Amino acid sequence: MDRFARCTSFASRPRLLPWPIPLPLSILLFTMNAKAADYYVDPSVGLPSGDGSQDEPWQTLEAVVEDGHFTADIRAGDTVWLRSGDHGAFAVSGGDYAPPITVAAEAGETPQLRQVSFNGTNGWIVRGLSISPSYGTSPSAVDMVLVDKTSSDVAIEDCRLFSVADASSWDATEWVNSASNGIFIRGDHIRASRNILTNVRFGISVDGPNALVEYNQIVNFSADGIRGLGDNGVYQYNLVKNVYVDGDSGDDNHDDGFQSWSVGPDGPGTGVVRGVVLRGNVFVNREDPAQKLTNSMQGIGCFDGLFDDWVVENNVVVTDHWHGISFYGMRDSRVVNNTVIDVNDVSPGPPWIMVTAHKDGTPSENVLVRNNLATDFDLTGTALVADHNTTLDDLTSFFVDPAAFDLHLLADAPAVDSGSSEQVPERDADGIARPQGNGVDLGAYEWHEPSVVPAGGGSGGSNGPAAGRGGVAATGGASASDSGAGGSTARVAGGGAGAPTGTTAAQGEAGARDGTADSRGGAAANDGSPATGGGARSPDAVTAGNGHAGTYGEATAMNGEAGGAGAADTSSSEAAGGCGCRLATRAPTQYGFALLAMVAALVLRRRPTRAAFRPVNSMDTRDQGA
């Protein structure tokens with residue numbers, strides 16, 4: 001059950017009460033048991049005078065907001081189905097919905113929006129939309145999806161976002177100044193799942209807490225693939241590849257597959273980022289050696305700590321830089337079963353796994369570095385434990401096809417059965433259970449027989465290249481699931497090139513932030529994770545160092561907070577909220593006035609509890625603290 005799905009506790013049980021039901025209560029019970037409503041929006045045949053039904057749909061989603069239908073007609077738990085055509089911009093403000101309102105593409109339809117934004121609102125699911133400023137008459141660089149810091153419990157799923165469908169003709173200036181950002185998450189408990197972002201400046205940026213960012217594909221970008229600044233975020237099974245435009249071509253941002261930094265009272269590097277999980281992600285600098293306007297990309301670059309209680313496991317980094325995985329000021333964390341290689345044999349590189357002191361001299365402390373494969377290591381700190389790591393030299397003796405970035409292990413690779421089984425992920429980057437032989441393997445992938453499949457079904461992805469080729473992004477709707485049991489799908493409908501957002505230097509990192517005072521600089525790349533299977537994976541139940549559950553299957557993938565009396569959630573970030581489901585199993589004499597109060601609350605919560613929806617004409621000014 002999706003954590004955003006509404007609770008339907010009261011099945012048809014006519015004898016719950018030991019006394020006759022008064023008329024007002026009967027009305028309440030009838031209202032509560034009424035099914036959520038479906039509404040329809042069709043730019044081709046809809047009319048402003050329509051009633052939102054299948055036969056008389058409204059005209060555009062933008063008009064639905066402007067005409068006040070989210071106040072007058074659409075309530076918590078309802079679904080708004082969008083049909084193909086131009087729906088304008090979806091910009092809403094206010095409203096608190098539990099269960100959430102769903103805005104989704106109707107089956108077989110391709111609704112198009114210029115932009116989506118949420119301001120001061122809670123409880124939304126947006127699914128299957130095609131979002132691009134290029135649908136407008138005068139497109140400009142924007143945040144294509146923005147969830148502001150006063151919003152919460154919003155899910156963005158199965159959408160396709162792009163600045164332009166084909167950026168193959170872009171020059172450096174267009175990559176820096178014309179590209180839009182993908183998804184900007186500032187609120188609490190926001191989920192971005194299975195989205196495909198192409199030809200963007202920044203891919204997914206997060207500075208709100210408790211985010212879940214999973215199974216997304218970010219293909220062709222010119223700044224950072226993913227930024228994660230909020231506490232207790234989970235970033236898992238994402239594919240990030242193909243970075244564009246270096247400093248010599250006019251881009252001052254140092255590009256990262258994933259980047260984080262703290263912000264404290266005295267600015268960047270004076271705070272702490274806590275409880276983050278990086279699991280099973282694939283970062284590839286570039287697939288095509290002849291890619292124009294290429295740049296060196298730092299893989300996982302965390303240079304301005306402190307970084308406390310992090311779990312970094314099963315990630316694959318293919319980079320043309322020294323910084324494969326780097327942490328400056330890491331504490332009470334572990335870096336286990338990752339694979340880091342270079343895209344070539346020339347400088348910059350080879351990439352390392354580094355754990356070192358904060359720039360202010362504070363040492364890293366209590367860090368476990370285990371079972372990793374990398375072309376170099378640089379590890380210093382207090383109570384730092386490093387064991388069962390291997391420095392790679394001859395890649396062909398370890399991997400199926402390193403030239404094509406297929407970093408699955410050969411059956412006779414030295415890494416097979418060579419790892420420690422303590423404090424390591426229970427499954428590999430493809431969802432294959434560990435161990436498959438006499439011991440745990442090193443690196444992100446566990447060697448296995450072809451008959452072995454990940455948890456949840458599908459293929460283990462042991463064959464085929466890790467990184468797919470980026471083509472021209474389709475202008476249609478989102479791919480419902482380009483990720484299967486094997487991880488983020490390698491064969492991406494990419495895009496010709498990513499474009500910059502034209503954002504200010506506050507977004508772009510200062511050169512010193514990359515922690516490269518020794519002139520080693522930094523750029524890491526990302527490797528495309530293969531996925532040939534169908535079934536969804538159930539990621540590891542690995543507990544983060546801060547005691548948060550960190551599990552995707554049971555309590556929560558984000559902060560380990562069980563949702564009260566709700567049912568366990570196996571597909572999202574946390575258990576279904578405490579909505580009183582267990583009351584239905586009590587004896588009739590135990591209900592009394594508690595039942596009456598609960599019924600009234602459930603009915604009333606179908607109405608917005610915040611300000612009515614109103615159009616939002618401009619995006620919040622971002623302040624990423626960097």
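Which ones in the stretch 270-308 are open to solvent by less than 10 Å² (accessible area, probe 1.4 Å), among the small types (Gly, Ala, Ser) and assigned to a loop (DSSP other than H, G, I, E, B)?
GLY275, GLY280, GLY305
Is it the case that VAL369 is outside any loop (DSSP other than H, G, I, E, B), of a type in the set (Val, Ile, Thr) and touching a residue at least 40 places away in the same chain (Cβ under 8 Å)? Lay out the reasoning, then the answer.
Numbers: outside any loop (DSSP other than H, G, I, E, B): yes; of a type in the set (Val, Ile, Thr): yes; touching a residue at least 40 places away in the same chain (Cβ under 8 Å): no.
Taking the combined requirement at face value, the residue does not satisfy it.
Would you pick out the residues in the stretch 104-135 that are at negative phi, open to solvent by 20 Å² or more (accessible area, probe 1.4 Å), not in a strand (DSSP E or B) and not acidic (Asp, Glu)?
Selection gives ALA107, THR110, ARG114, SER134, TYR135.
Residue pairs, Cβ under 7 Å, 6 or more apart or interchain, first in the stretch 196-220 and at positive phi and open to solvent by less than 10 Å² (accessible area, probe 1.4 Å), second in a strand (DSSP E or B) and β-branched (Val, Ile, Thr). List them.
ASN220/THR198
Taking into account only those residues within the stretch 391-418 that are touching a residue at least 40 places away in the same chain (Cβ under 8 Å) and touching a helix residue (DSSP H, G or I) at 6+ places or on another chain (Cβ under 8 Å), which is farthest from ASN372 (Cα to Cα)?
By that ranking, first place goes to PRO402.
Working only within the stretch 350-364, note down all residues that are assigned to a loop (DSSP other than H, G, I, E, B) and crowded, with 24+ Cβ neighbours inside 10 Å.
PRO351, SER364, listed by residue number.
For the stretch 328-349, name all the residues that are free of Cβ contacts under 8 Å to residues at least 40 places away in the same chain and closer than 23 Å to LEU407 by Cβ.
Within the stretch 328-349, VAL335, ASP342, ASP345, VAL346, SER347, GLY349 meet the criteria.
List every residue pair whose Cβ atoms lie under 7 Å apart, where the two residues are 6 or more positions apart in sequence or sit on different chains, the first residue falls within the stretch 42-66 and is open to solvent by less than 100 Å² (accessible area, probe 1.4 Å), and the second residue, located anywhere, is assigned to a loop (DSSP other than H, G, I, E, B) and hydroxyl-bearing (Ser, Thr, Tyr).
PRO43/THR60
Give me a count of the residues in the stretch 309-330 that are farther than 17 Å from ASP255 by Cβ, open to solvent by 10 Å² or more (accessible area, probe 1.4 Å) and of a type in the set (Asp, Glu).
Total meeting the criteria: 1.
So which residues in the stretch 291-330 are within 19 Å of the chain's Cα centre (by Cα) and small (Gly, Ala, Ser), if there are any at all?
GLY299, GLY301
Quick check on the stretch 237-245. Is at least one of its residues over 18 Å from PHE184 (Cα atoms), aliphatic (A, V, I, L, M) and buried (at least 24 other Cβ atoms within 10 Å of the Cβ)?
Yes: one or more hits.
Which of the numbered conditions does PRO414 fail, given that it passes all the others? Conditions: (1) more than 27 Å from the chain's Cα centre (by Cα); (2) surrounded by fewer than 15 Cβ atoms within 10 Å (Cβ to Cβ).
It is condition (2) that PRO414 fails.
Out of all the residues in the stretch 156-195, which are over 17 Å from LEU113 (Cα atoms), of a type in the set (Val, Ile, Thr) and surrounded by 24 or more Cβ atoms within 10 Å (Cβ to Cβ)?
Once the filter is applied, which keeps residues that are over 17 Å from LEU113 (Cα atoms), of a type in the set (Val, Ile, Thr) and surrounded by 24 or more Cβ atoms within 10 Å (Cβ to Cβ), the stretch 156-195 yields VAL176, ILE185, ILE190.
Just to be sure, is SER49 under 16 Å from TYR135 (Cβ atoms) and part of a loop (DSSP other than H, G, I, E, B)? Write out each step before concluding.
Numbers: under 16 Å from TYR135 (Cβ atoms): no; part of a loop (DSSP other than H, G, I, E, B): yes.
No: the conditions fail for SER49.
Among the strands (runs of 3 or more DSSP E) lying completely within the stretch 167-261, list those that include at least 2 residues that are among the charged types (D, E, K, R).
Filter on the stretch 167-261 gives 188-193.
Please pick out the residue among ALA478, ALA466, ALA403 that is outside any loop (DSSP other than H, G, I, E, B), at pLDDT below 95 and not charged (D, E, K, R).
Checking each option against the conditions leaves just ALA403.
Of all residues in the stretch 330-356, which are in contact with a strand residue (DSSP E or B) (Cβ under 7 Å, 6 or more places away or on another chain) and among the aliphatic types (A, V, I, L, M)?
MET330, VAL335, VAL336, VAL340, ILE341, VAL343, ILE353, MET354, VAL355
Hey, among the residues in the stretch 258-295 that are touching a Phe, Trp or Tyr at 6+ places or on another chain (Cβ under 9 Å) and aliphatic (A, V, I, L, M), which one's nearest to THR173 (Cα to Cα)?
Among those residues, the one meeting the criterion is LEU293.
Of everything in the stretch 122-148 that's closer than 13 Å to ASN181 by Cβ and of a type in the set (Gly, Ala, Ser), which residue is nearest to the chain's Cα centre (by Cα)?
In this case the residue turns out to be SER132.
May I ask you to verify whether ALA141 is among the small types (Gly, Ala, Ser) and part of a strand (DSSP E or B)?
Values: among the small types (Gly, Ala, Ser): yes; part of a strand (DSSP E or B): no.
Criteria not met by ALA141.
The values are calculated or read from the model by the stated rules, or taken from the named source; none is laboratory data. Since the structure is predicted, the reported quantities are computational estimates derived from the model, not experimental observations. Cβ: placed from backbone, ideal geometry, glycine included. Neighbour counts: every protein chain shown. Quick note on the areas: whole protein, heavy atoms, side chains included, nothing else; ligands and nucleic acids left out. Shrake-Rupley method; radii C 1.70, N 1.55, O 1.52, S 1.80 Å.
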